[in-house]
Amino acid sequence: MGRAPDRLVPPGFDGRREFVRCLAVLAGAAALTVLLFGMAYFSARLNMYVFDAALGARVEDPDAEFGTFGGMIAPGAFAFLAALVFYLWLLFRFISYHYKGGTRCAYTMKRLPKRFDFQLRCAALPVSGILLSQLIYRALALLLGWLYVSCTPERWLPPGSWESVIYFVTH
């Protein structure tokens with residue numbers, strides 16, 4: 001894999017470093033999504049109980065409402081929105097570097113036999129990152145939704161819980 005990452009970025013950039021940076025953004029967004037969902041889920045589970053002084057123990061609160069899946073996964077969606085902004089910024093950075101500063105190789109690359117090589121190199125990592133982040137978000141939403149529906153007692157689930165999971169996976 002010696003020079004393969006360098007073919008994914010325009011000249012003047014370290015392909016391996018940019019590739020690792022893109023993977024770190026994806027891993028960070030995924031980890032933040034799982035962490036925020038877990039915190040919201042366990043907080044909702046704790047809020048389903050109250051302390052009964054007469055019994056001296058925690059009992060289930062009959063008036064409590066368990067949180068919806070959409071409310072629990074929404075903070076994680078913002079993490080992937082931040083990843084999207086990062087990839088758009090990366091695309092802008094790749095393109096503007098060669099017109100405003102840096103090596104100004106845009107003019108040299110236009111004379112190469114492969115006509116759109118410069119545009120492909122500028123867009124390879126950002127577009128791949130955007131597509132991969134969407135795929136990871138949908139897979140995480142499906143996995144976390146399955147955990148939400150299967151680990152929550154039936155009496156606590158709001159009506160249409162599985163439909164809300166499917167909605168967040170497809171939208």
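Considering only the range 89-100, how many residues are surrounded by fewer than 21 Cβ atoms within 10 Å (Cβ to Cβ) and either within 23 Å of S150 (Cβ to Cβ) or not charged (D, E, K, R) (or both)?
Our first condition is that a residue be surrounded by fewer than 21 Cβ atoms within 10 Å (Cβ to Cβ); within the range 89-100, this holds for 89, 91-93, 95-97, 99-100.
Then drop every residue that is not either within 23 Å of S150 (Cβ to Cβ) or not charged (D, E, K, R) (or both), which leaves 89, 91-92, 95-97, 99.
Residues that pass the stated criteria total 7.
Any idea which residue in the range 14-64 is surrounded by the fewest Cβ atoms within 10 Å (Cβ to Cβ), counting only those that are part of a helix (DSSP H, G or I) and among the polar types (S, T, N, Q)? Please lay out each step first, then the result.
Start the filter on the range 14-64 by keeping residues that are part of a helix (DSSP H, G or I), which leaves 15-46.
From what is left, the residues that are among the polar types (S, T, N, Q) are 33, 43.
Working: T33: 22, S43: 11.
Only one residue tops the list, namely S43.
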Does the range 72-83 contain at least one residue that is aromatic (F, W, Y) and touching a residue at least 40 places away in the same chain (Cβ under 8 Å)?
yes
With respect to F168, is the statement that it is more than 20 Å from L90 (Cα to Cα) and in a helix (DSSP H, G or I) true?
yes
Restricting to the range 65-88, give me the number of residues that are exposed (fewer than 14 other Cβ atoms within 10 Å of the Cβ) and touching a Lys or Arg at 6+ places or on another chain (Cβ under 9 Å).
0
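Return yes or no: is L132 in contact with an Asp or Glu (Cβ under 7 Å, 6 or more places away or on another chain), surrounded by 15 or more Cβ atoms within 10 Å (Cβ to Cβ) and not charged (D, E, K, R)?
no
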I need a count of the residues in the range 112-156 that are part of a helix (DSSP H, G or I), farther than 30 Å from G38 by Cα and of a type outside the set (A, V, I, L, M).
5
Quick one: what pairs do we get from the range 17-40, first residue within 16 Å of V85 (Cα to Cα), second polar (S, T, N, Q), C-beta under 6 Å, 6+ apart or different chains?
L26/S133
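Any read-out appearing in this document is the output of simple, stated calculations on the displayed coordinates, not a laboratory observation. This structure is a prediction, so every number in the text was calculated from the model and none was measured. Note: ideal-geometry Cβ built from the backbone for every residue, glycine included; neighbour counts use all protein chains shown.
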